[in-house]
Amino acid sequence: MASSDLKVCCLISGGGSIDGQPYDLNILHFNSYYKYYGVWVETEDVIRYIDSPNYLVFFADILELVFWFAFFALKDLRTIAKFHGIEFNRESRAGIRVLLSDHSCRPTCSRLVYVFTVQSNPRRYLIKSFLTSDANIRKRTNVRVSLICLYLFRIFSFYICVDILSVFFP
């Protein structure tokens, strides 16, 4: 996959049936011209959007979608997380992005259909905000890895202390 493409399976209709077609979305074009519209469980629910030129309807890997689309609103991320069965409390947008990126999809998740609508005005200053979002995700990932290492160090240190104490106090 090229770094500027997101692989999706776009839904198209023809001959009374709905088919999936592999498609490579340009990341900058996708972030500039589209905004999130909704998520549905079944393809029958999105038939009215498939034939419209104002909507983009597709299946996608949630990890890549959340990573590459920088303009999800908090309520949209919460909706997507609920559809994926992710439990959360009062998470921020960054927190829900991390939860979604850590999520292991179940078979029911693979049926989720994402719908994006064409924006009337393309986003300006996309590169700066997109790169900022990318850097923030990497920074949060590094913080999460550091916390995991810290917890593992504490657990390991505890067991070493218990072993040393058992030598002096049998």
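What follows is calculated from the coordinates using simple rules that are stated; it is not laboratory data. Note that this is a predicted model, so its numbers are computed, not measured. Because the Cβ atoms are built from the backbone with ideal geometry, glycine has one as well, and the counts that use them run over all protein chains shown.
Key figures for this structure:
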| read-out | value |
| --- | --- |
| Diffusion constant of the stretch 35-79 at 25 °C, which comes from Stokes-Einstein with the Kirkwood Cα-pair radius and 0.890 mPa s, µm²/s | 208 µm²/s |
| Spacing of the two label points (7 Å from each Cα toward its C-beta) at Glu91 and Asp45, in nm | 2.0 nm |
| Radius, Kirkwood style, for the stretch 5-123 when every pair of distinct Cα atoms is counted (Å) | 14.7 Å |
| The stretch 5-123: relative contact order as a whole-number percent, Cα under 8 Å and 6+ apart | 37 percent |
| Kirkwood hydrodynamic radius of the stretch 78-123, Cα pairs, Å | 12.3 Å |
| For Ser52, Ser32, order by how many other beta-carbon atoms lie within 10 Å, fewest first | Ser52, Ser32 |
| Full-stretch length increase - Tyr23, Val118 - with 0.36 nm per residue and alpha-carbon distance subtracted | 32.5 nm |
